[in-house]
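Have a look at the structure below, then the notes.
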Amino acid sequence: MRRIISGRIGWAFCGLALLLVIGPLIDIIATVAWHGMAAFSLHLFTENTTGPNGGLANAIEGTGLITLFAMLIAIPLGVGAGIHLSEYGRNTLASAIRFMSDTLTGTPSIVLGYFSYIVMIIGFGWGFSLIAASITLAIMIVPYLARITELSLQQVPNTMREAAYALGAKDSTVVFKVVLPAASSGVLTGALLALAISVGETAPLIYTAGWSNYNWNGNFVHEPVAYLTYVIWTFIDQPDAKSHALAFAAAFLVMLIVLAINAGVRVTVRRKKFI
C-alpha cells in the first residue's frame, strides 16, 4: 500500500510538472492565435507596413529574403564543416573547432548583431542591408548545422564506409554518395531547425537590416529591409488597438511558420525511424 501511495504521489508531481511546462505554451499559442486570426484580412498580404492601418507585405517579403540568403550561405558552410569534423576531424584542431562552435551557439544573438554592426555596417560601409542581415544570421546558425551534421554522420555505421572503400571508392565518393545520403534525414532536420531559428530572430536584425516601409528593390547594400519580428517588437508597445492587432497578426504568421517547420522536423525524424 505504501508503494502504491508513493507511486501515485510521484505520478501526480510528474503531471503537475508537465502542466507547468505545457500550460504557458498553450496559453501563448492560444493568445497569439486568437488575436492574430481576428486581425487577419486580405490587405495584410497586399499592403506594406506604413503604420497601424498598413499591411505586412514588405515584412513578409523581407523575412523570406533574409532567411533564404542566410540559408544559402549557412548550409554549404555548416554541412561542409560537419562533414570535415565527422570524417577527418579527429585531432586537437578539430576539438578546438568543436569547442569554439559550442561557444558560439551560446553567444547571445544581440552580441552577434552588434559585432556585425561594427564590422559590416560601419567598417565595410554597407549600411543597413540585406547582405549584412543574411550573413549575421548565417554566422549564428552555422554552428548548429555543423554540430547536427557531424552527429548525424557519426551515426552511419563504419561498415558502410569500409564496404565502399573495399570496392575502390575514393574519399569524395564515400562521403557524398554513401555517408551523406545515409545521414540525409539528420542533416535535413538540422537545416529545418536552423531555418526556424533564423525566422524568429529580432535582435541581430535590428543592428543589420534596419527597417524599410517599402519592398526590396534588388540592392544588397545600402538598403534597409523589413521583417516580421520588427513589426511585433515595434507595434506591440504602441497604445492603440490597431497597432496591437498588427503586431499579433505578425506574431501569428511567425508562429505558423515555426510550427510548420517543427512539424516538418517531426515528419522527417519519424520517416527516418521507419526506413
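Throughout, read-outs are computed from the coordinates displayed, never taken from laboratory work. What you see is a predicted model; the values in this text were computed from it and never measured. Note that each Cβ is placed from the backbone with ideal geometry, even for glycine, and that neighbours are counted across all protein chains shown.
Report note on the peptides 249-255, 84-90, 237-243: ranked by the mean count of other C-beta atoms within 10 Å, highest first, their order is 249-255, 84-90, 237-243. Compute the distance from the alpha-carbon center of the range 175-206 to that of the range 72-116, in whole Å. When both Cα centres are located, 13 Å separates them. Highest mean packing comes first when the peptides 174-180, 77-83 are listed by Cβ atoms within 10 Å, giving 77-83, 174-180.
Ranked by how many other Cβ atoms sit within 10 Å of their own Cβ, fewest first, the residues 28, 5, 232 fall in the order 5, 28, 232. Ordering 2, 161 by the number of other Cβ atoms within 10 Å of each residue's own Cβ, fewest first, gives 2, 161. Pick from 214, 117, 144: which residue has the top mean-square fluctuation in a GNM of the chain where Cα pairs under 10 Å get a spring? Highest fluctuation of the listed residues: 214. Among complete DSSP H helices in the chain, those whose alpha-carbon atoms stretch at least 24 Å along the helix's long axis and whose mean Kyte-Doolittle hydropathy reaches 0.5 are 2-38, 57-87, 130-154, 241-274. Phi-derived couplings, Karplus 6.51 cos²θ - 1.76 cosθ + 1.60 at θ = phi - 60°, listed residue by residue for the range 207-213: 7, 10, 8, x, 7, 9, 7 Hz, with x used for Gly and Pro.
The Cα center of the range 1-29 and the Cα center of the range 224-270 differ in position by 31 Å. Working from label points 7 Å from Cα in the Cα-to-Cβ sense, the residue 176 to residue 33 distance is 4.4 nm.
Between residue 17 and residue 167, what's the calculated FRET efficiency when r is the beta-carbon distance and R0 is 51 Å? Round to 0.05.
0.45
Expressed as a fraction of 2.2 N^0.38 Å, the value expected for a compact globular protein of N residues, the C-alpha radius of gyration of the chain is 1.22. Springs join every pair of Cα atoms under 10 Å in this Gaussian network model of the chain, and among 30, 166, 209 the largest mean-square fluctuation is at 166. For the chain, modelled as a Gaussian network with Cα springs under 10 Å, which listed residue fluctuates most, 104, 167, 130? Of 104, 167, 130, the Gaussian network model singles out 167 as fluctuating most. The length gained on full extension between residue 26 and residue 258, counted as 0.36 nm times the residue separation minus their Cα-Cα distance, comes to 82.0 nm. Using R₀ = 30 Å, calculate the FRET efficiency as 1/(1 + (r/R₀)^6) where r is the Cβ-Cβ separation of residue 47 and residue 220; round to 0.05. The computed FRET efficiency comes out at 0.75. The helix-only estimate of mean residue ellipticity at 222 nm for the chain, built from DSSP H runs of length n ≥ 4 each weighted as -39500 (n - 2.57), is -23500 deg cm²/dmol after division by the residue total.
I need the shape label for the range 32-189. Rule: rounded when a/c is under 1.5, else prolate if a/b > b/c, else oblate, with a, b, c from the alpha carbon gyration tensor.
Verdict is prolate for the range 32-189.
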